[in-house]
Amino acid sequence: MDRIAFKSIVISDVHLGSPHSKLVEVTKFLSMVNCERLIMAGDIIDGWQLKSEEDKWTLEESMFFRVIMKMMEKMGTEVIYVTGNHDDFLFPIVPCELFKIKIVSEYIIEDFGKRFVVIHGHAFDAVTMHFRWLSKLGAIGYNFLLRFNQVWNKSRERSGKGKFSLSKYIKYGVKKAVNIISGFESDLDSFARSLKCSGVICGHIHHPEDKILKHGTHYLNSGDWVESMTALGEDFDGNWRVLRYKDMVNIQ
């Protein structure tokens, strides 16, 4: 299988350790691409889930990192891990380098006269930063919705109806409301401009995005690998776009 070449790939919110992580799909996605730089923009490992008794590290999680190690070894891919709120167990060691993977809280990309700052995005979410207990409660509720969604969609299929992501619909609606209250995108805009960056790349809200903000900042969100199954790709002319797993599979 020929790999699709990119200068940079950004993935986030894989939530390794969660039973709802699309591990097979994200591993297959990485096996379909070749890139000079792979940025994992937070919540790759879900430390909150791995603390529970039910969710354990599996062979699929190991295969995910094995594919990344092969990219580093065979293709010389540079790998950067930007920490998020669910992998906060890494906070005490940031910044550092483990097995040639750079672990940082933010990362600057300078390509083709453009400057992008990559962060996870939780620092600009008022609920995550100021009401951690509410954020954890929300994570529990989201996992419940994902389980309920599976049962509900089976019922819809028996009735001849298509699948519908109730959990994604509710989560995006709640996140959108929080964004309005906390000024999430506005704060990202200000943050990028304070660093003299023309764009900001993040994850966190599990919704892929590619748009220009009010003051001209290019805002890119890599989505997630729980429901959206999306990433970001930069071509060799410095153009960015949202990559959707289902489209990538069809190309192959």
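Overview of values
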{"quantity": "Subset of the range 60-85 that is aliphatic (A, V, I, L, M) and out of contact with any helix residue (DSSP H, G or I) (no Cβ under 9 Å at 6 or more places or on another chain) - its residue that is nearest to Phe124 (Cα to Cα)", "calculated": "Val82"}
{"quantity": "Selection count, the range 180-220, where residues are open to solvent by less than 10 Å² (accessible area, probe 1.4 Å) and free of Cβ contacts under 8 Å to residues at least 60 places away in the same chain", "calculated": "3"}
{"quantity": "Entirely in the range 19-116, the strands (runs of 3 or more DSSP E) that have 3 or more residues that are open to solvent by 20 Å² or more (accessible area, probe 1.4 Å)", "calculated": "33-41, 96-98, 107-111"}
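The values are calculated or read from the model by the stated rules, or taken from the named source; none is laboratory data. Computed from a prediction, not measured in an experiment: that's the story for all the values here. Here the Cβ is made from the backbone with ideal geometry for all residues, glycine too, and neighbour counts use every protein chain on show. SASA here: full protein model, heavy atoms, side chains in, ligands and nucleic acids out. Shrake-Rupley method; radii C 1.70, N 1.55, O 1.52, S 1.80 Å.
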